[in-house]
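Each remark here refers to the structure printed beneath this line.
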Amino acid sequence: MKHACQEVSRLASDSLDRPLSLLEKLRFHIHLSVCGNCRNYTENMHLIHKATEMMQQTNYGHIRLSREQQQRLHDILHRETGV
Amino acid sequence: MKADITVTDNNNPHNWLNDHGDYLYRYAMSRLHDEELASDLLQETLLAGWKGHAGFSGSSSVRTWLVGIMKHKIIDHIRKEIRERNLVESVESDPTSAYFDADGSWHEAPQAWHENPEALCASGQFHTVLDRCIEKLPEKQQLVFRMRDVSGEESEAVCNTCDISATHLHVLLHRARMALRYCLQHHWFNQEEKS
């Protein structure tokens, strides 16, 4: 199959965002069964996907407003709403 | 999302800031990666909430309601950004072709990554390298990748915000993920082998 790996790499990505058609699924899995490179690619891709999700938590989970930001916002709210 | 425990005065924006400020700030930061902008949008959200609190039905928690307001503010900002900076990416020239030979086989074979996935996914060092690789992506790819994969938005929501078709979204994500994998291969996995 010509251009197989290039096409399969696209399916590997698409499968994270949409359900593949039956035909696409067949092509994808048949190709993976004979192509170690694309198996590696697909596994790498899943790992990146998962790591990216978890990165959100580590990079942003601890973020808080600083005291200065809090104070500034309280002042602005007071000025704008009169409360 | 947890319901509000506090029974403080629901119409007081100062209470909203105290009870939900950090949460909303984090929400904006995780999507915009800009402290000043996140703080500005929080301010706008609280003020919009104040002006519109008569419209708050009380059927959802105050936090959910405020997040809803903030979401719209973020979408408006991203749309403006796309419009003003004219962030377009050509569909015709496919940058992923560079990773393949003329016959469509891999130019450089993807390697199996032998590190423990759980440990790797939780590693702060790996996240740093990952984040640096994301920063190198072309702007529009980076924008949709951050929304979809980093923030975990639904595909449909990303398409709506960026005003692009599902197919175009898939193309951009495919390009982003392929470039990322290559970047990680060279800036993380190959480095590990050497050391």
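The values are calculated or read from the model by the stated rules, or taken from the named source; none is laboratory data. Remember, predicted model here, so these are calculated numbers, not experimental data. Glycine also receives a Cβ, built like all others from the backbone with ideal geometry; neighbour counts cover every protein chain displayed.
Just checking, does the stretch B:59-67 include any residue being farther than 27 Å from A:MET55 by Cα and without any contact (Cβ under 8 Å) to a residue 12 or more places away in the chain? Yes: the stretch B:59-67 contains one or more residues that are farther than 27 Å from A:MET55 by Cα and without any contact (Cβ under 8 Å) to a residue 12 or more places away in the chain.
The set of residues in the stretch B:82-121 being in a helix (DSSP H, G or I), touching a helix residue (DSSP H, G or I) at 6+ places or on another chain (Cβ under 8 Å), without any contact (Cβ under 8 Å) to a residue 60 or more places away in the chain and farther than 15 Å from A:GLU7 by Cβ consists of B:PRO117, B:LEU120, B:CYS121.
Residues in the stretch A:24-69 that are within 7 Å of chain B (Cβ to nearest Cβ) and among the polar types (S, T, N, Q): 8 in all.
Does the stretch A:71-83 hold any residues that are within 7 Å of chain B (Cβ to nearest Cβ) and of a type outside the set (D, E, K, R), and which are they? Outline the logic, then answer.
At the first step, the residues of the stretch A:71-83 found to be within 7 Å of chain B (Cβ to nearest Cβ) are A:73-74, A:76-77, A:80-81, A:83.
Matches in the stretch A:71-83: A:LEU73, A:HIS74, A:ILE76, A:LEU77, A:THR81, A:VAL83.
Quick grid of which residues meet (1) farther than 16 Å from B:VAL171 by Cβ; (2) of a type outside the set (Phe, Trp, Tyr):
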residue: A:CYS5; (1), (2): yes, yes
residue: A:VAL8; (1), (2): no, yes
residue: A:LEU11; (1), (2): no, yes
residue: A:ASP17; (1), (2): no, yes
residue: A:SER21; (1), (2): yes, yes
residue: A:LYS25; (1), (2): yes, yes
residue: A:CYS35; (1), (2): yes, yes
residue: A:CYS38; (1), (2): yes, yes
residue: A:TYR41; (1), (2): yes, no
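Scanning the stretch B:138-195 for residues that are surrounded by fewer than 22 Cβ atoms within 10 Å (Cβ to Cβ), under 24 Å from A:ASN59 (Cβ atoms), modelled with pLDDT of 95 or more and touching a His at 6+ places or on another chain (Cβ under 9 Å) returns a single hit, B:SER155. Being touching a helix residue (DSSP H, G or I) at 6+ places or on another chain (Cβ under 8 Å) and within 20 Å of A:SER9 (Cα to Cα) is the requirement here; does B:LEU173 meet it? So B:LEU173 passes the test.
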